[in-house]
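Asker: Structure incoming, see below.
The values are calculated or read from the model by the stated rules, or taken from the named source; none is laboratory data. Values in this document were obtained by computation on a predicted structure and should not be read as measured data. Heads up, the Cβs are rebuilt from the backbone with ideal geometry, glycines too, and the neighbour counts pull from every protein chain shown.
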């Protein structure tokens, strides 16, 4: 019994120093030593009973008679104080790892030695905005550098698909990066159409009278291109059913166009429309906005009057 005790005892703390000179025997275990195991070593009554060979209820009664506050069953053991969580440099470190280096909470936990749940709690406590996740992620999207687009797409005349093959990206990624950065995109198609040969999509959206009237009516600011979507809209504009319905159906914008106007990913817009019961147009072909921009044949005054009547319905 004394050998077993020697394996679990330690130098007594100030609380149990009064019993330091008493050596426990097989029949008597000083309450001070039990208090030392319970309070200082953080052992549960179950663990103490297992180690010293006594009944758990007897250990509990001994602790209570000695004036030791015994926690209720299921309350959990005492947790050690983690010094790093109180470090004044922790907010700056977590901001650097999460926002600048784009590490997730699991990777941050492995670096700084805190549980992943604690990392997420600290991110919220320090006011660090959470990134979007999965297919809706904005921050983790790949962005083609503007210099690459200018040299290969504009100057050398590569198509978006050809440029994507060179740099190992999809055609959609190339076009999305071009629109975000304000690079003029050539308008293609199987059948040549009259009208402009290039389009700077963000500026074209803001210059459209129908879309501009909706944005003005709902106090949505115009954010010029030149940066990725997460930098243009650090806080995406909240979606509402009237806003999405006006932009999609009454103005003829597509899901990617609404993304460029609000900062909400196109997949998020699609999911919102599904939840709100807003139907999608038949797939294929150009959107009404692009046809309107391409031909320039829409009477703006008539379109605005139609939009006003739609909004009153």
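Residues checked against (1) outside any loop (DSSP other than H, G, I, E, B); (2) closer than 16 Å to residue 226 by Cα:
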residue: 149; (1), (2): yes, yes
residue: 152; (1), (2): yes, no
residue: 158; (1), (2): no, no
residue: 164; (1), (2): yes, no
residue: 169; (1), (2): no, no
residue: 173; (1), (2): yes, yes
residue: 180; (1), (2): yes, yes
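Asker: Scan the helices (runs of 4 or more DSSP H) fully inside region 206-253 and keep the ones with 1 or more residues being closer than 17 Å to residue 287 by Cβ and touching a residue at least 24 places away in the same chain (Cβ under 8 Å). Show your work before the answer.
Answerer: Details: elements: 209-217, 229-232, 241-245.
Correct list: 209-217, 241-245.
Asker: When you look at residue 243, is it surrounded by 18 or more Cβ atoms within 10 Å (Cβ to Cβ), in the same structural domain as residue 277 (by TED's automatic domain parsing) and modelled with pLDDT of 90 or more, yes or no? Full working, then the answer.
Answerer: Working: surrounded by 18 or more Cβ atoms within 10 Å (Cβ to Cβ): yes; in the same structural domain as residue 277 (by TED's automatic domain parsing): yes; modelled with pLDDT of 90 or more: yes.
Yes, satisfied.
Asker: Which ones in region 271-295 are closer than 19 Å to residue 211 by Cβ and in a helix (DSSP H, G or I)?
Answerer: Within region 271-295, 272, 273, 288, 289, 290, 291, 292, 293, 294, 295 meet the criteria.
Asker: Given 280, 261, which one is without any contact (Cβ under 8 Å) to a residue 40 or more places away in the chain and either in contact with a helix residue (DSSP H, G or I) (Cβ under 8 Å, 6 or more places away or on another chain) or under 27 Å from residue 99 (Cα atoms) (or both)? Working first, answer last.
Answerer: Working: 261 fails: without any contact (Cβ under 8 Å) to a residue 40 or more places away in the chain.
After applying the criteria, what remains is 280.
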